[in-house]
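S.K.: The structure that follows is given in the form of structure tokens.
The values are calculated or read from the model by the stated rules, or taken from the named source; none is laboratory data. If you're wondering where the values come from, they're calculated on a predicted model, not measured in any experiment. Virtual Cβ from ideal backbone geometry, glycine too; neighbours counted across all protein chains shown.
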Amino acid sequence: MAPVRLLLAEDDYELRRWLCLALARLPCVVTEARDGKELQALLLGERFDLVVTDIRMPSCSGLDAAVAARQAGVATPIIFITGYGDEATAAVVAGLGRALLLAKPVDGIDLVAHCRRLLGPGDTPSREAVR
């Protein structure tokens, strides 16, 4: 599998580092965004194979950035992670198409498996490989 161009948006530095380590099993080249404004600029300005984003972030939510990208014609698959999911949020995510909503805390194995599913066929690494 060729390296995946992945955009990761998470405002919490420690969680962003951990997510980068978990996602390295794809394999992928990760571009990091520290907030929603940066996420939106990158989504509209560059091409990515997959986006993994927090929803609640400073300056612009991950959900608002994704909605703006979809309105601009960006069809990149998106995985949203949040500690504040509700039915309204789930409905917006479902309406975006090619998007999943995962609750925090996120398990690294599950995240990688969801990424692989959105990207196409491939083996999921063993639990030991991600730790």
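S.K.: Within region 68-82, take every residue that is in contact (Cβ under 8 Å) with a residue 24 or more places away in the chain and of a type outside the set (A, V, I, L, M, F, W, C) and give me the one that is nearest to VAL52 (Cα to Cα).
M.R.: Step by step, filter region 68-82, then rank; the result is PRO77.
S.K.: Right, something else. Does region 8-19 include one or more residues that are buried (at least 19 other Cβ atoms within 10 Å of the Cβ), at pLDDT below 95 and closer than 21 Å to ARG117 by Cβ?
M.R.: No: zero hits.
S.K.: Can you tell me which residue is surrounded by the fewest Cβ atoms within 10 Å (Cβ to Cβ) among those in region 49-73 that are polar (S, T, N, Q) and over 10 Å from the mean Cα position of the chain (by Cα)?
M.R.: Here the residue is GLN71.
S.K.: Under 14 Å from the mean Cα position of the chain (by Cα) and either closer than 17 Å to ILE78 by Cβ or of a type outside the set (A, V, I, L, M, F, W, C) (or both): which single residue out of LEU44, LEU15, LEU8 fits that description?
M.R.: LEU8
S.K.: VAL93: crowded, with 17+ Cβ neighbours inside 10 Å, in a helix (DSSP H, G or I) and among the β-branched types (Val, Ile, Thr), yes or no?
M.R.: Yes, satisfied.
S.K.: So, one more: If ALA88 satisfies every condition in (1) part of a helix (DSSP H, G or I); (2) modelled with pLDDT under 95; (3) within 26 Å of PRO3 (Cα to Cα) but one, which is the exception?
M.R.: (3)
S.K.: Still on this model: Looking at region 19-58 only, could you name the residues that are in a helix (DSSP H, G or I) and touching a residue at least 60 places away in the same chain (Cβ under 8 Å)?
M.R.: LEU19, LEU21, ALA22, LEU23 - these are the residues of region 19-58 that are in a helix (DSSP H, G or I) and touching a residue at least 60 places away in the same chain (Cβ under 8 Å).
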